[in-house]
Amino acid sequence: MSNRLIYIYTLSDPNTKEVRYVGKTIQKPTYRYSSHISVSKYNVKKDYAHCWIRSLMNNNLLPELNIIEETYDIQREVYWIKYFRDNGNKLT
């Protein structure tokens, strides 16, 4: 357990609505989202998630941010990753 509020969020494909990324943050979720976009835009990281976001941006699209849980339990992100993978989502 954490003493800080944790936001569990997803990033989804704007066309298909498929969840492609699950993350957690103690920042404001919109700030964390902006960070994902900036890192992808400036090609700072070359991991699969940022390559996916860059591919959306190349088509004038952005992923959709959804807050799925507010918690103090840092393990909830693991639960949600398993949940979406078990339901067939191709997470980045």
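Within segment 67-83, how many residues turn out to be over 14 Å from I6 (Cα atoms) and either in a strand (DSSP E or B) or touching a strand residue (DSSP E or B) at 6+ places or on another chain (Cβ under 7 Å) (or both)? Summing the residues that are over 14 Å from I6 (Cα atoms) and either in a strand (DSSP E or B) or touching a strand residue (DSSP E or B) at 6+ places or on another chain (Cβ under 7 Å) (or both) in segment 67-83 gives 1. When segment 40-92 is filtered for residues that are under 17 Å from E18 (Cβ atoms), in contact (Cβ under 8 Å) with a residue 60 or more places away in the chain and not aromatic (F, W, Y), the ones remaining, listed by number, are I68, N89, K90, L91, T92. For residues that are open to solvent by 50 Å² or more (accessible area, probe 1.4 Å) and touching a strand residue (DSSP E or B) at 6+ places or on another chain (Cβ under 7 Å), tally how many sit in segment 50-64. Residues flagged as open to solvent by 50 Å² or more (accessible area, probe 1.4 Å) and touching a strand residue (DSSP E or B) at 6+ places or on another chain (Cβ under 7 Å) within segment 50-64 amount to 1. Look at (1) over 13 Å from L91 (Cα atoms); (2) over 11 Å from the mean Cα position of the chain (by Cα) and you find that E64 fails only one, number (2).
Can you find a residue that is in contact with a Leu (Cβ under 7 Å, 6 or more places away or on another chain), at pLDDT 95 or above and not in a helix (DSSP H, G or I) anywhere in segment 29-51? The answer is no; no qualifying residue exists. The residues in segment 1-18 that are open to solvent by less than 70 Å² (accessible area, probe 1.4 Å) and within 23 Å of Y72 (Cβ to Cβ) can be counted, and the count is 8.
Counting residues in segment 2-12 that are touching a Ser or Thr at 6+ places or on another chain (Cβ under 9 Å), of a type in the set (G, A, S) and part of a loop (DSSP other than H, G, I, E, B) gives one or more.
Within segment 30-44, is there a residue that is open to solvent by less than 30 Å² (accessible area, probe 1.4 Å) and among the hydroxyl-bearing types (S, T, Y)? Yes, because at least one residue in segment 30-44 is open to solvent by less than 30 Å² (accessible area, probe 1.4 Å) and among the hydroxyl-bearing types (S, T, Y).
The values are calculated or read from the model by the stated rules, or taken from the named source; none is laboratory data. Predicted model, so just to flag it, every value in this text is computed and none were measured. Ideal geometry is used to build each Cβ from the backbone, glycine not excepted, and the neighbour counts take in all protein chains shown. The protein model used for the area step is the full one, side chains on, heavy atoms only, and it has no ligands, DNA or RNA in it. Shrake-Rupley method; radii C 1.70, N 1.55, O 1.52, S 1.80 Å.
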